[in-house]
1. Can you tell me which residue within the stretch 370-402, out of those that are part of a loop (DSSP other than H, G, I, E, B) and farther than 29 Å from ILE445 by Cα, is modelled with the highest pLDDT?
2. Considering only residues that are aromatic (Phe, Trp, Tyr) and touching a helix residue (DSSP H, G or I) at 6+ places or on another chain (Cβ under 8 Å), look in the stretch 177-222 and name the one that is surrounded by the fewest Cβ atoms within 10 Å (Cβ to Cβ).
3. Residue under question is HIS140, and the condition is that it be in contact with a strand residue (DSSP E or B) (Cβ under 8 Å, 6 or more places away or on another chain), outside the structural domain of VAL347 (by TED's automatic domain parsing) and not small (Gly, Ala, Ser); does it hold?
4. Among the candidates LEU252, LEU228, which residue alone is in contact (Cβ under 8 Å) with a residue 60 or more places away in the chain and in contact with a helix residue (DSSP H, G or I) (Cβ under 9 Å, 6 or more places away or on another chain)?
5. Name the residues in the stretch 248-260 that are surrounded by fewer than 16 Cβ atoms within 10 Å (Cβ to Cβ) and among the aliphatic types (A, V, I, L, M), would you?
6. Here is a list of conditions, (1) at pLDDT below 85; (2) out of contact with any Gly (no Cβ under 9 Å at 6 or more places or on another chain), and LEU79 meets all of them except one; can you say which number that is?
7. In the stretch 280-334, how many are under 29 Å from the mean Cα position of the chain (by Cα) and polar (S, T, N, Q)?
8. Here are TYR188, TYR200: which of them is in the same structural domain as ILE246 (by TED's automatic domain parsing) and modelled with pLDDT of 95 or more?
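The values are calculated or read from the model by the stated rules, or taken from the named source; none is laboratory data. Fair warning: this is a prediction, and the values are worked out from it, not measured in the lab. Backbone-built Cβ (ideal geometry, glycine too); neighbour counts: all protein chains shown.
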Amino acid sequence: MVWSEQQLLHGGKYKIDKIIGRGAFGITYKAVHQLLNQDVVIKTPHESLRLAPDYPNYGEEFIKQGQLLAQLSADLESLVPVRDLFQEGDTYCLVMDFVSGESLWKLVQRTGPLPETDAVAYITQIGSALNLIHGVGLVHLDISPHNIVVSNSGKAVLIDFGIPGDILRDSNVSSHIDNKPFRPYELYYQGSRHATVDVYSLAASLYHAVTGLNPTESIYRKYDGEDLVPPNQLVPSISDRLNQVILQAMALEPKDRPQSVQEWLQPLTEDDYFICLSEVDDLSSDVGVDYRPLQDLLIHRKWQEADQETLAVMLKAAGREEEGWLDIPDINKFPCKDLYTLNTLWVKYSNGRFGFSVQKRIWQSIVTESVQVTPGADYDYETYCRFGDKLGWHTNEKWLDYVDLPFTLNAPQGHLPVSYVGFFSGWAYFAFFMGGVSLFSRLEICSI
């Protein structure tokens with residue numbers, strides 16, 4: 001049965017708030033511990049499991065799994081703590097802490113593809129927990145971005161579990177599995193409980209985190225001959241090592257995958273991996289500007305700080321630090337190598353959404369084809385407004401102030417960087433009229 005809101009369980013100890021998830025094997029409720037007035041999560045088996053021939057023996061395995069998880073979660077930050085275990089009628093209930101934060105799925109939906117370093121950090125935290133879970137004979141079976149929560153403290157936490165024992169093979173749940181893009185094909189038809197199932201699903205979750213897209217479903221790869229698109233074909237900035245690690249773990253056949261999470265994640269925990277990530281960028285400057293702080297901000301997607309750092313390094317490169325703004329003569333002689341470095345960093349770490357060249361392309365698509373982007377060209381106010389509308393700088397017939405701009409990857413394409421056009425004062429139209437078009441002309445001259 002499915003419980004309704006306000007329903008009391010376990011002698012009134014818990015009160016149901018609402019259903020917060022229906023996974024492959026269970027229903028998850030948010031509830032309140034009445035005496036402590038604390039939010040908790042209660043996990044129960046999926047209704048269809050009751051049809052399984054082995055369901056009468058399910059309770060013993062469910063209790064055993066709950067006891068093991070309670071022991072493990074006491075020492076693991078990346079495993080949601082188990083607080084209670086009880087039976088309500090013929091329904092088994094596992095009570096866990098309610099983790100404040102958002103799922104990896106919602107995080108990616110809100111911000112877009114994650115920086116490689118952030119995504120790898122979250123997945124390796126979950127991987128450490130899985131190593132211990134597998135070590136006591138448990139397999140999760142339902143890993144996906146929906147079941148990984150990034151807490152308010154920035155830690156990744158595994159919040160849900162599959163079903164114990166051999167009930168999977170005897171039930172019809174495997175034909176109704178949710179989160180299909182994250183499931184290996186053998187889970188559908190063979191009821192596999194090997195660690196390679198979790199290896200595949202964790203890798204598929206990492207695929208989603210760094211690309212923002214779901215991988216090709218395994219059943220289509222197995223039976224329809226569809227290909228798995230390599231992550232770095234979708235996001236070219238993904239390192240070769242990460243691309244290869246994901247593809248290895250998502251091999252179609254279980255025997256071709258790493259046989260443990262520890263084996264799979266080993267290449268992503270080595271020191272040379274992080275050194276390679278920080279050294280791949282060309283940070284060249286003709287005037288001795290250090291672009292490493294900007295690189296670090298962009299890697300960690302601190303968009304507003306990166307925007308302000310961009311203005312700071314541009315002023316330094318142009319020798320305009322005292323003035324605090326760029327004029328047209330300085331833009332017209334801005335060092336090409338530095339402009340190339342700035343643009344490349346923005347384009348790379350925004351996955352092609354931001355950067356001077358992106359803004360230039362949008363500008364060129366707006367102006368009349370017969371008009372070239374040249375210094376001093378006479379464009380009307382409507383053209384500037386259309387450009388501002390495209391980039392999210394101008395809305396409802398008003399140029400926005402800097403404090404009103406969004407600084408997320410979901411901002412309009414070309415939205416950043418923006419400080420170089422003088423948005424701090426709010427006079428975006430006049431600032432862009434003075435310098436923005438000149439910068440696009442400089443990009444042309446520098447072949448950017």
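1. The selected residue is ASN396.
2. Out of the qualifying residues, it is TYR189.
3. In short, yes.
4. Exactly one residue qualifies, and that residue is LEU252.
5. Scanning the stretch 248-260 gives a single hit, LEU252.
6. Going through (1) at pLDDT below 85; (2) out of contact with any Gly (no Cβ under 9 Å at 6 or more places or on another chain) one by one, LEU79 breaks only (1).
7. Total meeting the criteria: 4.
8. Of the residues listed, the single one that is in the same structural domain as ILE246 (by TED's automatic domain parsing) and modelled with pLDDT of 95 or more is TYR200.
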